[in-house]
Amino acid sequence: MKTQSARRGDCLYIYLMGEMDECTVSRAREEVDDTIDRSAGCSRAVFNLAGVRFMDSTGIGFLIGRYKKLQKYGMGMYLENPNPDADKILTLSGVYSLMPKI
């Protein structure tokens, strides 16, 4: 999985691309955590999932872990543009109750 980020005003945008599974998440976790640490002054983070082709329960764990990290900085977390399969997983798991889809 690849990651990119951009900061616009007080909003951090994180773009995830590829597959979110056990084999790919560890490197992305380190990259995203570093980005969050460097963006502590932001009020919210938006995770763009348009480039995610596959996500299993490891992907949900990845998102919940970033949610907890962002909470320590007082930042809100939002999800945007999940593909239909990821959207179904995120809906069924209840993730949107923590991090709304925008």
Give me the dipole magnitude in Debye, nearest 20, for the stretch 2-97 about the Cα centre, with unit charges on the beta carbon: positive for Lys and Arg, negative for Asp and Glu.
340 debye
When the label point is put 7 Å from the Cα of R53 along its Cα-to-beta-carbon vector, which residues of the stretch 1-32 have a backbone N closer than 11 Å?
1, 18-20
Would you mind checking the tilt of helix 25-38 against the longest principal axis of the Cα atoms of the chain, expressed as 0 to 90 degrees and rounded to 10?
20 degrees
Over the stretch 43-102, volume per residue of the alpha carbon convex hull, in Å³
69 Å³
Given Cβ charges of +1 for Lys and Arg and -1 for Asp and Glu, the option among L92, V52, G76 whose Cα lies farthest towards the positive end of the dipole of the chain is G76
Near-label residues of the stretch 34-67 by backbone N, under 14 Å of a point 7 Å along Cα→Cβ of K2:
50-53
Local charge sum around E30 (other residues, Cβ-Cβ under 14 Å, Lys/Arg +1, Asp/Glu -1)?
+2
Calculated on alpha-carbon atoms, Rg and Dmax of the chain in Å
12.2, 33
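Each reported figure results from applying straightforward, stated rules to the coordinates on display, with no laboratory input. No experiment lies behind these values; they were computed from the predicted model shown. Positions of Cβ are backbone-derived with ideal geometry, glycine not excepted, and every protein chain shown enters the neighbour counts.
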